[in-house]
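Just below is one structure, and these are the notes that go with it.
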Amino acid sequence: MTGNRTFTMIKPDAVENGHIGAILEKITAAGFKIVAMKYTQLSLRDAKAFYAVHSERPFFGELVEFMTRGPIVAAILEKDNAVEDFRALIGATNPAEAAEGTIRKLFAASIGENAVHGSDSDENAAIEGSFHFAGREVY
Ligand code: ATP
Ligand code: MG
């Protein structure tokens with residue numbers, strides 16, 4: 001259904017730092033239902049495809065290296081107004097600018113290593129969700 005799903009990744013930095021459980025707790029406490037989830041690692045090819053929109057940016061190499069360096073948690077989340085509400089829950093891209101209590105404020109160290117991903121539109125939520133999950137893996 002349009003408008004009620006978003007896609008997230010708990011990024012390698014947050015996994016390395018042992019924050020999977022705390023981040024999932026914040027997500028479910030905020031009213032998101034997990035409808036798909038997996039623990040996986042992006043290949044170079046996956047990361048380049050996933051972040052293709054940033055391929056001309058100066059930080060692209062660094063971003064791909066970071067996103068592939070260890071496992072991630074990928075998930076599809078369901079809630080009314082999911083995309084916007086989840087972006088509010090994770091906070092600004094740069095944790096230094098993220099609001100108090102947001103996931104990036106609590107768990108991220110820098111603009112490059114910022115703990116979580118959140119889709120930026122309903123259209124991208126659908127594209128990103130199907131990038132990671134087959135229909136039968138979504139409940
Ligand atoms: P995401 O798409 O991961 O949820 P976002 O939508 O807040 O993050 P984008 O502009 O889409 O931010 O950037 C994608 C990712 O690229 C960021 O989350 C961050 O990891 C990295 N990134 C963005 N800007 C920079 C930068 N100036 N320097 C280093 N890395 C950056
Ligand atoms: Mg983005």
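All of the numbers you see were taken from the coordinates with simple rules; none came from a lab. Predicted model only: the values in this text are computed from it and were never measured. Quick reminder, even Gly has a Cβ in these numbers, built from the backbone with ideal geometry, and neighbours come from all protein chains shown.
Residues that are β-branched (Val, Ile, Thr) and in contact with a helix residue (DSSP H, G or I) (Cβ under 9 Å, 6 or more places away or on another chain) were ranked within region 92-139; the one that is farthest from ligand 1 (Cβ to nearest atom) is Val138. Summed over region 91-110, the residues that are outside any loop (DSSP other than H, G, I, E, B) and free of Cβ contacts under 8 Å to residues at least 60 places away in the same chain give a count of 5. If I filter region 74-90 for residues that are free of Cβ contacts under 8 Å to residues at least 12 places away in the same chain and over 16 Å from the mean Cα position of the chain (by Cα), do I get at least one hit? No, every residue in region 74-90 fails to be free of Cβ contacts under 8 Å to residues at least 12 places away in the same chain and over 16 Å from the mean Cα position of the chain (by Cα).
Which one is farthest from the chain's Cα centre (by Cα), of the residues in region 111-124 that are more than 11 Å from ligand 2 (Cβ to nearest atom) and touching a residue at least 60 places away in the same chain (Cβ under 8 Å)? Restricting to residues being more than 11 Å from ligand 2 (Cβ to nearest atom) and touching a residue at least 60 places away in the same chain (Cβ under 8 Å), the top hit is Asp122.
Restricting attention to region 25-45, and to residues there that are part of a helix (DSSP H, G or I) and in contact (Cβ under 8 Å) with a residue 24 or more places away in the chain, which single residue is surrounded by the most Cβ atoms within 10 Å (Cβ to Cβ)? So, considering only residues that are part of a helix (DSSP H, G or I) and in contact (Cβ under 8 Å) with a residue 24 or more places away in the chain, the one surrounded by the most Cβ atoms within 10 Å (Cβ to Cβ) is Ile27. If we keep just the residues of region 49-71 that are within 15 Å of ligand 2 (Cβ to nearest atom) and surrounded by 14 or more Cβ atoms within 10 Å (Cβ to Cβ), which is farthest from the chain's Cα centre (by Cα)? The extreme case among them is Phe60.
Applying the condition of being in a helix (DSSP H, G or I) and buried (at least 18 other Cβ atoms within 10 Å of the Cβ) to region 125-139 and asking which residue is nearest to ligand 2 (Cβ to nearest atom) yields Glu128.
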